[in-house]
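Single-structure report; data block below.
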Amino acid sequence: MNKNIKLAVAGAVLALGATAANAGIIIPAGDWTVDISGNVNSYYTNTRKEGGSVVGGLAMASDTGTKNAAGISTGLLPNFLSVAGSTRQNDLDVTFLISINPGSSQNNAGSGGSGTEHRQAFLTFGDKSWGSVKIGKDLGIFASDAILNDMTLLGVGSASGAPSTTTLGRIGSGFMYADWKSQIAYTTPNMGGFQATVGLTQSWDALASQLSTDVLSTSGVNTVARTLASTGSTSRGGSSTAFEGKASYSFSANDTSGKVWVGGFSQKVEGIGSQDRAHAVDIGANVNMAGFGLTGYYYKGEGIGTTLMLRDGYDTSGRRRDSDGGYVQATYVLPTKTKVGISYGVSNLDQTAETATALVKENNMYTAGLYHPLTKHLNLVAEYNNVESKAQTNVESKTKNVSLGAILFF
């Protein structure tokens, strides 16, 4: 894959150390080199849920007792089909990338298929001497390294058991969703391992109202935004573009490699008086040595809410809610090349001076996973996830799921 194209799927593969091709199907085409790449995945997931209702909780409620659910769908990654092109013209490296992202499940007989997303459509231009500029829609800048280093990216993570286009993975139980955003961003050249990206990204609305129980856990990241928009709640729109940035340092010596990064997010939000800006910072590190991999990540923000950026970041009086969270992850590659991983993450949302409500206070998740490279391109995946959600009123709900499936990169 062309070095100037930062495809999220490829980044996930490299971050996790899973076996997959470094490039897709390469086709010379005149002045251009065309790269067709992507992935196909699907998982059987069996879910057990119990506990009360937690608004915004990732664990599903079962007020009438323990309930089980099962389904077959894509995991955290949707299916990707990406067409990219690269060329060198007028001393500039010029690239483009467009992707389509179909799901692999449906809920209704005779419906003919599932939802389809269009997550990427961007161009870049630049030179290794001064960096590159990206214009278009791609993975957001803030929290992007958190999701690309999360092992559930190759699996399921938090899931309802009901079919959907994608699941949540560890989103909302360890980091905020980086999302797919329209953006104009500049990335510096790689200077001895150091690299930075700054950009303007599309602003989101800050929704202060509560959601119905189980919206997040039953919808997946593909439909959560649409569900939020359809609640009929009062929204406070962004009055300008958001500012995002990150800086990282990558290193490698002998059999040791790793990366350290820091990032930030800031956006002005309309109609909320003096606390009219939501902002956040994060820091993370990943180290790999002799088959072992360790990842640690932490974020903290004001007004950013939880799970999705700006979701429940403000109360109905316009006061910012503080939030923070992070995750730790350890992996080891066995002699069979099977990767074994365990991780724990938590996302916290503080209460303001408002009366205690059923709004989520904490989402946390334990994950254990096996990722086996059956071939150079095909990985078998088995995961166990234990999700707990707690409300400001201390009501709790719990979800446990087991997932089995496969993901193919090309």
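The values are calculated or read from the model by the stated rules, or taken from the named source; none is laboratory data. This one's a predicted model, so the numbers in the text were calculated from it and none came from an experiment. With ideal geometry, Cβ positions are generated from the backbone for all residues, glycine too; neighbour counts draw on all protein chains shown.
Restricting to the stretch 89-110, and then to whatever is part of a loop (DSSP other than H, G, I, E, B) and among the hydroxyl-bearing types (Ser, Thr, Tyr), can you tell me which residue is modelled with the highest pLDDT? Break it down into steps so the answer makes sense when it comes.
We begin by selecting, within the stretch 89-110, every residue part of a loop (DSSP other than H, G, I, E, B); these are 90-91, 103-110.
Next, only the ones that are among the hydroxyl-bearing types (Ser, Thr, Tyr) stay: 104-105.
Numbers: 104: 75, 105: 71.
Once the filter is applied, the top-ranked residue is 104.
Check whether at least one residue in the stretch 163-175 is of a type in the set (Lys, Arg), within 27 Å of residue 301 (Cβ to Cβ), surrounded by fewer than 24 Cβ atoms within 10 Å (Cβ to Cβ) and at pLDDT 95 or above, and report yes or no.
Within the stretch 163-175 (the criterion being of a type in the set (Lys, Arg), within 27 Å of residue 301 (Cβ to Cβ), surrounded by fewer than 24 Cβ atoms within 10 Å (Cβ to Cβ) and at pLDDT 95 or above), the answer is no, since none of the residues qualifies.
Could you list, in sequence order, all residues of the stretch 399-410 that are within 30 Å of residue 351 (Cβ to Cβ) and crowded, with 20+ Cβ neighbours inside 10 Å?
So in the stretch 399-410, the residues within 30 Å of residue 351 (Cβ to Cβ) come out as 399-401.
Hits for the stretch 399-410 are 399, 401.
Pull out all pairs, ordered by first then second residue, where Cβ-Cβ is under 7 Å, the residues are six or more apart or on different chains, the first lies in the stretch 237-264 and is closer than 23 Å to residue 318 by Cβ, and the second is modelled with pLDDT under 95 and among the hydrophobic types (A, V, I, L, M, F, W, C).
Note: pairs meeting the criteria are 238/204; 238/269.
For the structure I just gave you, tell me whether residue 378 is surrounded by 15 or more Cβ atoms within 10 Å (Cβ to Cβ) and either modelled with pLDDT of 95 or more or under 19 Å from the mean Cα position of the chain (by Cα) (or both).
Values: surrounded by 15 or more Cβ atoms within 10 Å (Cβ to Cβ): yes; either modelled with pLDDT of 95 or more or under 19 Å from the mean Cα position of the chain (by Cα) (or both): yes.
Judged against the criteria, residue 378 is a match.
Counting only residues that are assigned to a loop (DSSP other than H, G, I, E, B) and not polar (S, T, N, Q), which one in the stretch 125-141 is farthest from residue 267 (Cα to Cα)? Quick ask: steps written out before the conclusion?
Restricting attention to the stretch 125-141, the residues satisfying the condition of being assigned to a loop (DSSP other than H, G, I, E, B) are 128-130, 140-141.
So of that shortlist, the ones also not polar (S, T, N, Q) come out as 128, 130, 140-141.
Values: 128: 31, 130: 28, 140: 14, 141: 13 Å.
Only one residue tops the list, namely 128.
So residue 332 fits all but one of (1) surrounded by 15 or more Cβ atoms within 10 Å (Cβ to Cβ); (2) part of a strand (DSSP E or B); what number is the exception?
Single failed check for residue 332: (1).
Looking at the stretch 274-281, can you tell me whether even one residue there is over 21 Å from residue 333 (Cα atoms), among the hydroxyl-bearing types (Ser, Thr, Tyr) and touching a helix residue (DSSP H, G or I) at 6+ places or on another chain (Cβ under 8 Å)?
Keep residues of the stretch 274-281 that are over 21 Å from residue 333 (Cα atoms), which gives 274-281.
After this cut, where a residue has to be among the hydroxyl-bearing types (Ser, Thr, Tyr) as well, the list is 274.
Checking the rest, the ones that are also touching a helix residue (DSSP H, G or I) at 6+ places or on another chain (Cβ under 8 Å) come to none.
No, the stretch 274-281 contains no residue that is over 21 Å from residue 333 (Cα atoms), among the hydroxyl-bearing types (Ser, Thr, Tyr) and touching a helix residue (DSSP H, G or I) at 6+ places or on another chain (Cβ under 8 Å).
Could you tell me how many of the residues in the stretch 286-314 are out of contact with any strand residue (DSSP E or B) (no Cβ under 7 Å at 6 or more places or on another chain) and crowded, with 17+ Cβ neighbours inside 10 Å?
Taking the stretch 286-314 as the starting set, the residues that turn out to be out of contact with any strand residue (DSSP E or B) (no Cβ under 7 Å at 6 or more places or on another chain) are 290, 308-309.
Cutting the leftovers down to crowded, with 17+ Cβ neighbours inside 10 Å gives us 308-309.
Adding up the residues that qualify gives 2.
Just the residues that are in contact with a Gly (Cβ under 9 Å, 6 or more places away or on another chain) and β-branched (Val, Ile, Thr), please, taken from the stretch 21-51.
33, 34, 36, 45, 47
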